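Asker: Mind looking over this structure? Questions follow.
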Amino acid sequence: MSTRETTRVRHATRQKRHPVLTALILAFAGLLGFVIVFSQTVIQGVEARIETHNVSPLLGDDRPPPALPPDDSAKGRALNILLMGSDDRSGENAAIGGKEAGQRNDTTIIMHISADRQRVELLSIPRDTMVRLAQCERSDGSIQKSYFGMFNEAFANGGKFGSKSDAAACTIRTVESLTGIRIDHWAIIDFVGFQRMVDAVGGVPMCIPAPVYDKYSGLNLEAGPQVLDGVQALQYARARHGTGFSGSDLDRIDRQQVLLKNLARKVIGAQVLFNPRDLFSFMSAVAESMTMDETLGDIDGYSVGLGLSLRNLDTKAGIIMGTAPVRGYAPNPNRLEFAPAAAQVFAAMANDQPIAPHLDKYSSSPANDPEAFEPSATGGSGSSEGGSSSAPVPPRETEEDILAGCTH
């Protein structure tokens with residue numbers, strides 16, 4: 001067999017429990033839905049902190065068709081939101097990530113919200129995947145021609161001159177051309193935003209399976225249970241080199257998912273999402289370093305309805321997470337390429353069909369979270385009855401509960 005044929009295929013994975021996605025969705029819905037709790041003055045204060053841009057003029061006319069227009073802008077239509085973690089090294093981020101020029105995105109996730117609001121799917125695209133990058137136009141009129149390269153270069157190409165909206169537009173163009181999925185909204189969060197989010201809840205509890213050391217970032221952790229502050233959590237999420245790290249982007253994605261899972265459990269356990277004062281503090285920390293499209297950034301005019309439409313989502317059966325099916329790239333062992341199964345996953349999402357049937361049922365579990373990739377027993381199809389009459393309230397957990405299974 002050829003090297004390509006014998007290379008292990010890394011497919012998307014499903015989870016039995018979905019605390020990572022639950023946190024993303026609940027936190028997102030919390031930000032979108034805070035009009036229920038706060039006065040109009042407070043809403044405007046948070047909304048003013050979100051940077052928004054309109055990239056529609058840069059995307060051209062040759063895009064996948066949108067879903068049929070809904071009767072209500074906040075429901076009745078499938079939505080795809082592109083979430084991007086920015087590796088921008090300018091301004092306050094330079095103190096965290098270094099002074100290297102340019103913008104990159106270490107993390108790219110397509111969040112699909114089904115038309116019936118009974119299913120939310122988050123699909124990660126590994127940054128090292130070799131793809132055909134789409135031609136895109138920047139706001140200054142300059143054109144980035146199409147070429148074959150790493151997926152995350154799309155963001156860097158768009159943001160070449162410092163524009164976040166251009167970076168988003170070029171990434172959207174590439175995602176749409178690769179997947180056939182229409183991107184309706186987008187959001188970017190940078191280093192500072194992630195760090196502040198962790199610090200706003202007093203750190204994230206983690207079970208570190210083995211000692212880790214990264215001379216580039218200064219991360220130095222012993223094995224065992226501990227609570228990481230914002231800087232440590234960011235270093236741990238981004239690390240690829242040094243003691244305790246394999247250098248694989250897929251391993252880093254696994255590590256990020258575990259970290260976000262535990263952050264979610266911390267947020268939910270502390271009832272942050274159900275306490276107006278804590279919710280405001282938490283989401284304000286995120287909003288200060290978040291950039292999104294103008295429609296999504298219109299909290300009380302659009303996004304509140306979207307958040308409210310998810311309030312009855314079954315967080316166990318209705319939430320699916322995964323990584324786009326990829327395999328080793330024969331010309332370069334440090335790169336990846338989409339596996340044939342990726343086309344089925346993309347087509348399902350583009351047509352608002354469940355992606356779960358197209359995902360691998362099993363995957364090796366990350367060493368620091370034995371429950372992270374258990375197979376789903378539900379199939380992820382959501383409740384056929386449209387959910388309960390009230391939003392489910394997640395159970396409370398303490399840091400001790402989260403770290404109870406840590407044996408290192």
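The values are calculated or read from the model by the stated rules, or taken from the named source; none is laboratory data. The model shown is predicted, which means the values in this text are computed figures rather than measured ones. All Cβ positions, even for glycine, are placed from backbone atoms using ideal geometry, and neighbour counts span all protein chains on display.
Asker: Looking at Ala134, Ala95, can you tell me which residue is modelled with pLDDT of 90 or more and out of contact with any Pro (no Cβ under 9 Å at 6 or more places or on another chain)?
Answerer: Details: Ala95 fails: modelled with pLDDT of 90 or more.
Only one candidate qualifies: Ala134.
Asker: Do you know which residues across the stretch 197-239 are of a type in the set (Asp, Glu) and modelled with pLDDT of 90 or more?
Answerer: At the first step, the residues of the stretch 197-239 found to be of a type in the set (Asp, Glu) are 199, 214, 222, 229.
Answer for the stretch 197-239, where residues must be of a type in the set (Asp, Glu) and modelled with pLDDT of 90 or more: Glu222, Asp229.
Asker: Checking the structure you have, find out if any residue of the stretch 137-144 is closer than 26 Å to Ile355 by Cα and basic (Lys, Arg). Working first, answer last.
Answerer: If we filter the stretch 137-144 for residues that are closer than 26 Å to Ile355 by Cα, which is where we start, we get none.
So far as the stretch 137-144 goes, no, none of its residues is closer than 26 Å to Ile355 by Cα and basic (Lys, Arg).
Asker: Also: Could you list, in sequence order, the residues of the stretch 133-161 that are within 22 Å of the chain's Cα centre (by Cα) and under 19 Å from Ile181 (Cβ atoms)?
Answerer: Leu133, Ala134, Phe151, Asn152, Ala154, Phe155, Gly158
Asker: Determine, yes or no, whether Pro205 is on the phi < 0 side of the Ramachandran plot, over 17 Å from the mean Cα position of the chain (by Cα) and buried (at least 22 other Cβ atoms within 10 Å of the Cβ).
Answerer: On the way: on the phi < 0 side of the Ramachandran plot: yes; over 17 Å from the mean Cα position of the chain (by Cα): yes; buried (at least 22 other Cβ atoms within 10 Å of the Cβ): yes.
Answer is yes for this residue.
Asker: Does Glu176 qualify as being acidic (Asp, Glu) and either closer than 24 Å to Glu294 by Cβ or at pLDDT 95 or above (or both)?
Answerer: Working: acidic (Asp, Glu): yes; either closer than 24 Å to Glu294 by Cβ or at pLDDT 95 or above (or both): yes.
Taking the combined requirement at face value, the residue satisfies it.
Asker: Which numbered condition in (1) without any contact (Cβ under 8 Å) to a residue 40 or more places away in the chain; (2) crowded, with 24+ Cβ neighbours inside 10 Å is the only one that Ser142 fails?
Answerer: Failing condition for Ser142: (2).
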